[in-house]
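Structure first, then comments.
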Protein chains: 2
Amino acid sequence: MFTLSEENYLKAIYHLEIDTEKGISTNAIAEQLATKASSVTDMIKKLSDKKVVVYKKYKGVKLTDLGKKIAANIVRKHRLWEVFLVEKLNFSWDEVHDVAEQLEHIKSPKLINQLDALLGFPTHDPHGDPIPDKDGNLKTIDKSLLSTLSKNEIGICVGVDDSSSEFLQFLDKKGITLGKQITVLEKEDFDDSLSIEVEGKKLSISNKIANNLYIKKQ
Amino acid sequence: MFTLSEENYLKAIYHLEIDTEKGISTNAIAEQLATKASSVTDMIKKLSDKKVVVYKKYKGVKLTDLGKKIAANIVRKHRLWEVFLVEKLNFSWDEVHDVAEQLEHIKSPKLINQLDALLGFPTHDPHGDPIPDKDGNLKTIDKSLLSTLSKNEIGICVGVDDSSSEFLQFLDKKGITLGKQITVLEKEDFDDSLSIEVEGKKLSISNKIANNLYIKKQ
DNA sequence: ATTTATTTTTAGTCAAGACTAAAAATTTAA
DNA sequence: TTAAATTTTTAGTCTTGACTAAAAATAAAT
């Protein structure tokens with residue numbers, strides 16, 4: 001069994017491993033968890049003893065298969081709870097993260113299986129992120145950043161890279177939500193901003209926004 | 001804000017105060033929480049500093065109004081989650097306690113309000129225990145132990161005093177659940193056992209069972 | 001009204017998980 | 001290939017919440 005803190009470390013390493021094959025540095029983990037590198041070193045030793053990470057001093061850490069499975073299960077719970085909050089309790093997509101952060105640590109296999117069923121076995125959370133299955137496997141869809149679309153391309157909004165509440169609220173304000181069709185009308189060379197159309201409305205979108213929106217091309 | 005441990009102490013004292021007007025002894029709290037009296041003394045000091053209990057050395061403790069409100073809110077959350085587990089996730093009444101024990105500590109007023117609404121503002125949990133409202137008030141119904149009914153009296157099962165899974169599973173086996181009508185056919189003087197009828201079936205019930213079942217007389 | 005038994009508190013430890021400051025190892029640059 | 005910069009680890013502390021053993025206070029019994 002893992003403590004709250006151990007679970008949070010596993011999850012942090014899991015998320016960091018998505019972007020790289022290399023070992024994860026203590027500093028990277030410390031930043032992710034808003035803690036100090038020295039605290040990370042201490043915890044890594046415990047996790048290493050428990051066979052969920054492999055650790056060599058001064059080299060980064062990697063999750064073992066067991067570690068990956070445990071971490072994926074926490075992410076699975078987090079994302080299922082997010083779906084629950086949005087679908088059943090009328091939360092908006094910018095409100096769910098902090099609560100799911102607490103709920104993901106509840107220990108009860110039956111609870112999470114039943115929740116999964118209640119929600120109709122969803123594959124993605126309210127931000128478009130994939131929900132790991134019981135074995136930790138992800139169903140990835142091929143998606144592109146809005147910024148990579150060319151003029152006149154059309155796609156469906158399927159996710160966000162940044163799921164901070166500020167960004168999500170901004171999208172709400174602009175009428176951009178998951179499932180909406182987006183057409184690229186114009187690309188400005190000098191600042192990489194876009195002119196797009198969403199539900200008949202024309203919008204101007206900065207490159208920063210376009211770099212954080214995932215689109216499924218049609 | 002209160003820690004997990006502080007919340008558990010408040011809840012324990014809250015439950016112990018239901019049966020008495022007197023201050024709650026350190027020993028009683030220690031027993032309730034399966035800890036030691038010395039640990040209780042330590043925690044009581046912290047809770048006293050936080051103005052949720054009044055504490056005089058060697059005299060028991062009592063919750064302050066603030067303490068009562070906080071404790072009632074934890075009980076409220078516990079019982080609402082129990083209803084959720086039974087009504088929405090197909091848990092049986094003997095499976096809910098341990099999970100609710102975890103869920104009760106989730107901090108999100110919106111979550112609990114929305115859950116309350118989703119469940120149709122229930123007033124009692126799956127064991128017949130009242131759910132405190134937002135201000136901590138309980139809707140008490142007048143109920144009697146089955147053991148206090150006389151021959152030929154009829155009542156509806158509205159709750160249990162002991163909600164251990166062993167007892168609840170025993171009741172399931174006998175076909176006794178909340179809402180069932182129970183008729184007292186016979187009372188045996190020598191061992192205070194009862195002969196009762198539930199849904200047309202005649203059952204023999206020991207005094208220990210009858211002392212743990214709440215009935216609403218008709 | 002003492003003595004005895006019980007309850008409660010104090011004093012001193014311990015483990016988990018965090019921190020700071022300093023030392024050691026590694027990487028980068030000159 | 002040394003020197004400088006960066007990263008990581010160690011050593012030592014702190015807080016929370018628990019524990020044991022002993023002391024102190026209260027309650028019960030003779």
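The values are calculated or read from the model by the stated rules, or taken from the named source; none is laboratory data. Note that the coordinates shown come from a computational prediction; the quantities given were computed from them, not determined experimentally. With ideal geometry, Cβ positions are generated from the backbone for all residues, glycine too; neighbour counts draw on all protein chains shown. Surface areas here come from the heavy atoms of the whole protein model, side chains and all, with no ligands, DNA or RNA. Shrake-Rupley method; radii C 1.70, N 1.55, O 1.52, S 1.80 Å.
The charge dipole of the protein assembly as shown, taken about the Cα centre with unit charges on the Cβ atoms of Lys, Arg (+1) and Asp, Glu (-1), comes to about 840 debye, rounded to the nearest 20. Residues in chain B average 53 Å² of solvent-accessible surface per residue, probe 1.4 Å, ligands and nucleic acids excluded. Which entries in A:K45/B:K46; B:K107/B:K173; A:K11/A:K110; A:K22/A:K143 show an alpha-carbon gap greater than 30 Å? Over 30 Å Cα-Cα: A:K45/B:K46; B:K107/B:K173. Taking the longest Cα principal axis of chain A as reference, the axis of helix A:4-17 is set at about 50 degrees. Computed from the Cβ-Cβ distance with R0 of 25 Å, the FRET efficiency linking A:E197 to A:S144 stands at 0.90.
3J(HN,Hα) along segment A:131-137: 9, x, 7, 4, 8, x, 7 Hz, from the Karplus curve 6.51 cos²θ - 1.76 cosθ + 1.60 with θ = phi - 60°, whole Hz, x for Gly and Pro. In whole percent, how big is the carbon plus sulfur part of the accessible area of the protein assembly as shown, probe 1.4 Å, protein atoms only? The value for the protein assembly as shown is 48 percent carbon and sulfur by accessible area. About the centre of its Cα atoms, chain A shows a dipole size close to 920 debye [charges on the beta carbon of Lys, Arg (+1) and Asp, Glu (-1) only; nearest 20 debye].
The angle separating the long axis of helix B:165-174 from the principal Cα axis of greatest extent in chain B is about 20 degrees. Only the Cβ atoms of Lys and Arg (+1) and of Asp and Glu (-1) were treated as charged; on that basis the dipole of segment A:4-63 about its Cα centre amounts to roughly 320 debye. The spacing between segment A:1-59 and segment A:120-171, judged by their C-alpha centroids, is 26 Å.
Relative contact order of chain B, taken over Cα pairs closer than 8 Å and 6 or more residues apart, is 15 percent. Taking the empirical scaling 2.2 N^0.38 Å for compact globular proteins as reference, chain A has a Cα radius of gyration ratio of 1.13.
From the residues B:A71, A:N27, B:F121, which one has its Cα farthest along the dipole of the protein assembly as shown in the positive direction, the dipole being from +1 and -1 charges on Cβ of Lys/Arg and Asp/Glu about the Cα centre? With unit charges placed on the Cβ atoms, the residue in question is A:N27. Placing unit charges on the Cβ atoms of the charged side chains and taking the dipole of chain A about its Cα centre, the candidate lying farthest along the positive direction among A:H15, A:G155, A:V40 is A:V40. The mean sequence separation of alpha-carbon pairs under 8 Å and at least six residues apart, normalised by the residue count of segment A:76-140, gives a relative contact order of 41 percent. With a ≥ b ≥ c the root eigenvalues of the C-alpha gyration tensor of segment B:77-128, is it rounded (a/c under 1.5), prolate (a/b larger than b/c) or oblate? Here segment B:77-128 falls in the oblate category.
Anisotropy class assigned to segment A:4-63 is rounded, per the alpha carbon gyration tensor with a/c under the 1.5 cut-off. I need the shape label for segment A:144-217. Rule: rounded when a/c is under 1.5, else prolate if a/b > b/c, else oblate, with a, b, c from the alpha carbon gyration tensor. Rounded, since a/c falls under 1.5. The relative contact order of segment B:143-200, computed from alpha carbon pairs under 8 Å that lie at least 6 residues apart in sequence, is 36 percent. Cα axis of helix A:65-89 to longest principal axis of chain A: angle in degrees, 0 to 90, nearest 10? Here the helix axis deviates by roughly 50 degrees. Between B:S92 and any residue 5 or more places off or on another chain, the built amide H atoms are never under 5 Å apart.
Between A and B, roughly 1600 Å² of accessible area is buried in total, ligands, DNA and RNA not counted and the probe set to 1.4 Å.
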